[in-house]
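Dumping the structure here so I can ask a few things about it.
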Amino acid sequence: MESVVLKINSLQSISLDIIRLFAAQLVLVGHLLSFCSLAKLPYIQNSGVVLFFILSGLIISYTIFYKSQTNYSFQEFFIERFARIYSGLVPSLLFILLIDFIIQNINPNYYQYTNAYNIKTFLGNLLMLQDYHYIGHFFVNIIPKSLHITSFGSGRPLWTLAIEWWLYMFLGMIYFFYVRSSSRKYVLLMLLVSVVPLWNLVYGRGNGLSVVWILGIIVTMFVFKKQFFPKTLSLYFSVTTLVFALFVLIYHEKAYNIHFAFLIACSINFMLLFQQGNIKLYQGAKSKLIKFVANYSFTLYLIHYSLIELILSLELDINKYLLAFSCFILANITAAFIAYFTEMKHKKLAVKLKILIGKKNVK
């Protein structure tokens, strides 16, 4: 019999939202520092990616474990993940398509993504096939160069999305088809889906982002399947591991580092343990603002790079600090506007899709 999974309380929920919005802003700030020649510190945006992957592994595994205490199926899981990802991805891809078209018309000499701006790459990104051909020498050799797919246009951050998507599917299939039902009829499909997650255990552009994602699952196992841990020790360990993580990050100047990822995961783990219990958080203006900003973080992550490229392509003669600040504000406002009509409606989209396929007991 499966152990009971504790529900995320309101304080933990807000804390996870803060981490999500902080990760997105880190990626934005890191790219702005580089683009505006203020500093070249790639580990800033890379640390945002690491936070995203830990948080993603945590939330996805929590969702599976918690909802599976009722009659939750892979079909429902797939619909919810599809609605969550594609409600942000499709509008972002269309936005990048438009932005890149504008850049090519106003300053064609500036645009440097011509080889990635085509229907093949657009469709490849929709199907989550970014950089699939880089998976070992096997795929590089058998897939013709004409079929190689990278991130679409100026949407450089899109490469991480493909890794996450296949991790979602791989974990979902393992849990629903093997752990719960011990079915073998989906073995070939699981093997196909496993290619990206297994390759990214050690290799990949993020030097093992699958391991970072798995750290999020481990946090879920410790926090939401454990009833008690001394609060004083939890707080102490959370702060201590965070300090060590920052030291490792600054010393190595590299966020794609398993030591950094492990320490960050430990810090999040102990923070959530510290926040365990029947805590009721007053949902005031600050909490609502945090949730709002967090809710457009995915869209911000996907479109900010293209927006920065658009502003820089104008070649404005202004102070670089003012330029960076303006890009920061514009990226947040634009992402919030787009997400309000798209990403933030993903739960409603999931419900509609479930009704469309005739799923019973839709909530």
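Read-outs: derived from the displayed coordinates by stated rules, not from any lab. Everything numeric here is computed off the predicted structure, so don't read it as measured data. Because the Cβ atoms are built from the backbone with ideal geometry, glycine has one as well, and the counts that use them run over all protein chains shown.
For residue 115 and residue 7 in one chain, what is 0.36 nm times their gap in residues minus the Cα-Cα distance, to one decimal in nm?
Separation in residues times 0.36 nm, less the Cα-Cα distance, equals 34.2 nm.
Additional query: Mean separation of Cα pairs under 8 Å and 6+ residues apart, divided by the residue count of the chain: what relative contact order is that in percent?
Values: 469 pairs, mean separation 106.9, N = 363.
After rounding, I find 29 percent.
Determine by what factor the alpha-carbon radius of gyration of the chain differs from 2.2 N^0.38 Å, reporting the quotient. Intermediate values should be presented prior to the final figure.
On the way: Rg = 20.8 Å, N = 363, 2.2 N^0.38 = 20.7 Å.
Expressed relative to 2.2 N^0.38 Å, the Cα Rg reads 1.01.
Find which of 302, 5, 88 sits farthest along the positive direction of the dipole of the chain, computed with +1 on the beta-carbon of Lys and Arg, -1 on that of Asp and Glu, about the Cα centre.
It is 5, whose Cα lies furthest towards the positive end.
Another one. With the cut-off at 25 Å, tell me which of the pairs 67/348; 120/352; 7/288; 7/286; 288/347 have Cα atoms farther apart than that.
Working: 67/348 18 Å; 120/352 29 Å; 7/288 20 Å; 7/286 22 Å; 288/347 18 Å.
Pairs exceeding 25 Å: 120/352.
Using modelled amide H (1.01 Å from N, peptide plane; none on Pro or chain starts), what sits under 5 Å from the amide H of residue 201, excluding residues fewer than 5 places away?
210
Taking the highest mean first, how do the peptides 125-133, 293-301, 5-13 order by number of other beta carbon atoms within 10 angstrom per residue? Before the final figure, lay out each step's value.
On the way: 125-133: 19.2, 293-301: 23.8, 5-13: 17.2.
Put in order of decreasing packing, that is 293-301, 125-133, 5-13.
Rounded to the nearest 500, what is the chain's calculated 222 nm mean residue ellipticity when only DSSP H runs of at least 4 contribute -39500 (n - 2.57) each, over all residues? Mind showing how you got there, number by number?
On the way: 14 runs with 242 residues, N = 363.
About -22500 deg cm²/dmol.
Provide the packing ranking of 182-188, 303-309, 35-41, i.e. peptides ordered by the mean count of other C-beta atoms within 10 Å per residue, highest first. Let's see the in-between values first.
Working: 182-188: 10.6, 303-309: 24.7, 35-41: 13.7.
Going from most to least packed, we get 303-309, 35-41, 182-188.
With N set to the number of residues, divide the alpha-carbon radius of gyration of the range 1-146 by 2.2 N^0.38 Å and report two decimals. Could the numbers behind the result be given before it?
Working: Rg = 19.7 Å, N = 146, 2.2 N^0.38 = 14.6 Å.
For the range 1-146, the normalised Cα radius of gyration comes out at 1.35.
Which FRET efficiency, nearest 0.05, do residue 69 and residue 181 yield, Cβ-Cβ r, R0 25 Å?
Numbers: r = 16 Å, r/R0 = 0.64.
Working from the Cβ atoms, E equals 0.95.
What's the magnitude of the charge dipole for the chain around its Cα centre, counting Lys and Arg as +1 and Asp and Glu as -1 at the beta-carbon? Answer in Debye, nearest 20.
Its charge dipole is roughly 1400 debye.
What does the charge count near residue 149 come to, summing +1 for each Lys or Arg and -1 for each Asp or Glu among other residues with Cβ under 13 Å from its Cβ? Kindly include the intermediate steps, with their values, before the conclusion.
Details: positive: 120, 145; negative: 131.
Counting the neighbours of residue 149, the net charge comes to +1.
As a test of understanding, state the convex hull volume per residue of the range 107-222 from its alpha carbons, in Å³.
On the way: hull volume 14.9 nm³, N = 116.
About 129 Å³ per residue, rounded to a whole number.
Also: Given +1 on the Cβ of Lys and Arg, -1 on the Cβ of Asp and Glu, and no further charges, what dipole in debye does the range 249-363 carry about its Cα centre, rounded to the nearest 20? Before the final figure, lay out each step's value.
Details: 14 positive and 5 negative charges, 245 e Å.
Dipole magnitude for the range 249-363 comes out near 1180 debye.
Considering the dipole of the range 225-304 built from charges on the beta carbon (Lys and Arg +1, Asp and Glu -1) around the Cα centre, which of 269, 289, 258 is farthest to its positive end?
Positive-end residue among those listed: 289.
Using 1/(1 + (r/R0)^6) with R0 = 56 angstrom and r between the beta carbons of residue 320 and residue 194, what's the FRET efficiency to the nearest 0.05?
Numbers: r = 45 Å, r/R0 = 0.81.
That pair, residue 320 with residue 194, gives E of 0.80.
Between the range 71-120 and the range 302-363, what's the alpha-carbon centroid distance in Å?
11
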